[in-house]
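Chemist: Pasting in a structure now, in structure tokens, and then I'll have a few things to ask.
The values are calculated or read from the model by the stated rules, or taken from the named source; none is laboratory data. In this text the structure is predicted, and so the values were computed from the model without any measurement. Cβ: placed from backbone, ideal geometry, glycine included. Neighbour counts: every protein chain shown.
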Amino acid sequence: MQSLSGQSVAIVGSGFGGLSAACYLADAGADVTVFEKNEQVGGRASRLERDGFRFDMGPSWYLMPDAFERFFGHFDRDPAEFYELERLDPHYRIFFKEDGEGSLPGATAVEEVPTRSERETGEVIDLVPELETNKQLFESYEPGAGEALERYLDQSSENYRIGMDDFVYTDRSRLRDWLDVDVLRNARGLSLIGSMQDHVENYFEHPKLQQVVQYTLVFLGGSPTNTPALYNLMSHVDFNLGVWYPEGGIGGVVDGMVQLGEELGVEYRTGEAVTEIKGRAGGFRVETEVGGHEVDYVLSDADMPYTEQELLPPQKRQYTEEYWESKTYAPSAFLMYLGVEGDVPELEHHTLVLPTDWDEHFEQIFEEPAWPDDPAYYLCVPSKTDDTVAPEGHSNLFALVPIAPGLDDDEETREWYRELVLDDIAANTGTEIRDRIVVEEIFSVSDFAGRYNSYDGTALGMAHTLTQTALFRPNHRSSEVDGLYFAGSYTNPGIGVPMCLISGEHAATKLIEDYGDATK
């Protein structure tokens, strides 16, 4: 590997992209300093601690364990050296809101399926690690759906293998990167053009089964109609690779990466926001609220629109304000962090509450932005698995409703929506918590914008639409400033913790290729 010995790099922001890049660059010999505006590292993977409760404020699903094994393996380490993993069983629970729709004619009787049950409020299903049990569940909704699930997962697994090897771990952010016979041959086997909705309809008719294999699109910031069918690979991640819980939550993974970085010589400076980036390769000056820092190169893991529009002078920006305004952004979120007295037995570690027809919710995110009046949402109860996240006799619960970025979330609106969500939880899961809440924090659009400098308060970044995937996403290299690089969810491979982890590798690799010394 080429060496950066004797050279210095400033990393702006400490999300997973920045933490990852810091390790790769330090391993190449660079003097690396990470600047984080907030009081703790991790970016959106921050933690909130209050009165004995500890909440992961952002990501809470540990998916794609192979990506983390690959990251730590580059440094001859193993994730188990930093945190233990527990596979969740069930992976997650789904409550379908009552709409009067039952199984399709000919479906297996409900009582014969251990992962499916009826409530007065609607159906409840558990998705589990065992494929045969999940096939039986699918068959209960639709004759032939069990075998269809196996075929669907076979295709998903193949897409995952090809997609990860050829288009995720190998960065193809330029048109010329695709002009290769092997690449084109593999790409032909992927569903690159059609939507996820069209693809899923080829396997399942029942709307609830379609939802089960599409809910992970929320992790990519998209909807069934605007996300390419390529991303059916997420079902391989979900069903085959499994859903895990890392010791200490996602914050425990952050701690592990920081520990590795410190061992490699990375310096982390929290509470020191970068205010301006000046200069070019070999002569950058990074201004912060504390003072100026002279470095050779800069890698920004801050949200890319903020870096370009706020930290760089106009003549050094790659994109105009109109460019960013024209993009489709992933949802923001209405989040409630709740410390609850007693148990919440109806809920699992991961629980989804879905209306059978969720088209209206997606329309209120992407087409006609508004606060969803019949929301689809996610509930997380990590205290089901980890007794360190809540005091004895209490539950740690957070609720997340995906909403459109840019919505007005004033105090009156937050209070109205809080009541709506609490009512919905009680009505559709049977979990009444209103009178048992002992700790509460609400976090929404304006908080994402203020705490993370996110565009319009998006919780995730730029959505994975067909025209915002692969080479259509912003490049890791700045075309206007030599020595300036970008990592994070706006770049390849995109949204999600594992993807941002890999984006840090891509950005660091480009910097090393451009300025490393092969003789050292």
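Chemist: Condition first: within 13 Å of W61 (Cα to Cα), of a type outside the set (A, V, I, L, M) and at pLDDT below 80. Now tell me which residues in the stretch 214-258 satisfy that.
Modeler: Hits for the stretch 214-258 are T216, F219.
Chemist: Just for the stretch 350-375: of the residues that are without any contact (Cβ under 8 Å) to a residue 60 or more places away in the chain and part of a loop (DSSP other than H, G, I, E, B), which one is farthest from A463 (Cα to Cα)?
Modeler: That would be D373.
Chemist: Could I ask something else about it? For the stretch 37-50, indicate whether the set of residues that are at positive phi and not aliphatic (A, V, I, L, M) is non-empty.
Modeler: Of the residues in the stretch 37-50, the ones at positive phi are 42-43.
Checking which are not aliphatic (A, V, I, L, M) leaves us with 42-43.
Yes, there is a match, as at least one residue in the stretch 37-50 is at positive phi and not aliphatic (A, V, I, L, M).
Chemist: Return the residues of the stretch 245-262 that are touching a helix residue (DSSP H, G or I) at 6+ places or on another chain (Cβ under 6 Å) and either surrounded by fewer than 21 Cβ atoms within 10 Å (Cβ to Cβ) or closer than 27 Å to D31 by Cβ (or both); say none if nothing qualifies.
Modeler: Matches in the stretch 245-262: M257, L260, G261.
Chemist: I'm checking my understanding of the structure. Among residues of the stretch 387-433 that are within 24 Å of S223 (Cα to Cα) and of a type in the set (G, A, S), which one is surrounded by the most Cβ atoms within 10 Å (Cβ to Cβ)?
Modeler: A399
Chemist: Continuing with the same structure: Given the criteria surrounded by fewer than 18 Cβ atoms within 10 Å (Cβ to Cβ), of a type in the set (A, V, I, L, M) and in a helix (DSSP H, G or I), does A80 qualify? Lay out the reasoning, then the answer.
Modeler: Details: surrounded by fewer than 18 Cβ atoms within 10 Å (Cβ to Cβ): yes; of a type in the set (A, V, I, L, M): yes; in a helix (DSSP H, G or I): yes.
Here the answer is yes, as A80 does meet what is asked.
Chemist: Examine the stretch 333-351 for a residue that is of a type outside the set (D, E) and surrounded by fewer than 16 Cβ atoms within 10 Å (Cβ to Cβ), and state whether such a residue exists.
Modeler: Restricting attention to the stretch 333-351, the residues satisfying the condition of being of a type outside the set (D, E) are 333-340, 342, 344-345, 347, 349-351.
Subset that is surrounded by fewer than 16 Cβ atoms within 10 Å (Cβ to Cβ): 342, 345.
Taking every residue of the stretch 333-351 in turn, at least one turns out to be of a type outside the set (D, E) and surrounded by fewer than 16 Cβ atoms within 10 Å (Cβ to Cβ).
Chemist: Continuing with this model, one more query. Hey, among S140, S157, which residue is closer than 30 Å to G58 by Cα and at pLDDT 85 or above? Explain how you work it out, then say what you get.
Modeler: On the way: S140 fails: closer than 30 Å to G58 by Cα.
The match here is S157.
Chemist: Let me ask something else. Specify the residue that is farthest from R151 (Cα to Cα); the eligible residues are those in the stretch 196-211 that are over 25 Å from the mean Cα position of the chain (by Cα) and in contact (Cβ under 8 Å) with a residue 60 or more places away in the chain.
Modeler: Here the residue is H206.
Chemist: Could you list, in sequence order, all residues of the stretch 496-520 that are buried (at least 23 other Cβ atoms within 10 Å of the Cβ) and assigned to a loop (DSSP other than H, G, I, E, B)?
Modeler: G496
Chemist: Could I ask something else about it? Tell me, yes or no, whether the stretch 459-469 has at least one residue that is free of Cβ contacts under 8 Å to residues at least 40 places away in the same chain and not assigned by TED's automatic domain parsing to the domain that holds Y169. Working first, answer last.
Modeler: If we filter the stretch 459-469 for residues that are free of Cβ contacts under 8 Å to residues at least 40 places away in the same chain, which is where we start, we get 467.
Still in the running and not assigned by TED's automatic domain parsing to the domain that holds Y169: 467.
Looking through the stretch 459-469, at least one residue is free of Cβ contacts under 8 Å to residues at least 40 places away in the same chain and not assigned by TED's automatic domain parsing to the domain that holds Y169.
Chemist: Further question: Restricting to the stretch 47-62, give me the number of residues that are surrounded by fewer than 21 Cβ atoms within 10 Å (Cβ to Cβ) and part of a loop (DSSP other than H, G, I, E, B).
Modeler: Residues that pass the stated criteria total 3.
Chemist: Another question about this same structure. Check V254, V274, V295 and return the single one that is over 24 Å from P474 (Cβ atoms), β-branched (V, I, T) and touching a residue at least 12 places away in the same chain (Cβ under 8 Å).
Modeler: Details: V274 fails: over 24 Å from P474 (Cβ atoms); V295 fails: over 24 Å from P474 (Cβ atoms).
Exactly one of V254, V274, V295 is over 24 Å from P474 (Cβ atoms), β-branched (V, I, T) and touching a residue at least 12 places away in the same chain (Cβ under 8 Å), namely V254.
Chemist: Right, F334: aromatic (F, W, Y) and closer than 25 Å to L460 by Cα or not?
Modeler: On the way: aromatic (F, W, Y): yes; closer than 25 Å to L460 by Cα: yes.
Taking the combined requirement at face value, the residue satisfies it.
Every residue, every condition in (1) modelled with pLDDT of 95 or more; (2) in contact with a helix residue (DSSP H, G or I) (Cβ under 7 Å, 6 or more places away or on another chain); (3) among the hydrophobic types (A, V, I, L, M, F, W, C), yes or no:
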site: D76; (1), (2), (3): yes, no, no
site: P90; (1), (2), (3): yes, no, no
site: V113; (1), (2), (3): no, yes, yes
site: R116; (1), (2), (3): no, yes, no
site: G122; (1), (2), (3): no, yes, no
site: L127; (1), (2), (3): yes, yes, yes
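Chemist: Another one. Name every residue in the stretch 434-468 that is out of contact with any Lys or Arg (no Cβ under 8 Å at 6 or more places or on another chain), β-branched (V, I, T) and either part of a helix (DSSP H, G or I) or crowded, with 18+ Cβ neighbours inside 10 Å (or both), in order of residue number.
Modeler: V445, T458, T465, T467
Chemist: State yes or no: is H349 assigned by TED's automatic domain parsing to the domain that holds S444 and within 12 Å of N396 (Cβ to Cβ)? Step through it out loud before you land on a result.
Modeler: Values: assigned by TED's automatic domain parsing to the domain that holds S444: yes; within 12 Å of N396 (Cβ to Cβ): yes.
Yes.
One line per residue, one yes/no per condition, for (1) part of a strand (DSSP E or B); (2) farther than 20 Å from Q40 by Cα; (3) under 28 Å from the mean Cα position of the chain (by Cα):
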site	(1), (2), (3)
R269	yes, no, yes
I277	yes, yes, yes
E287	yes, no, no
V290	no, no, no
E294	yes, yes, no
P305	no, yes, yes
E310	no, yes, yes
E322	no, yes, yes
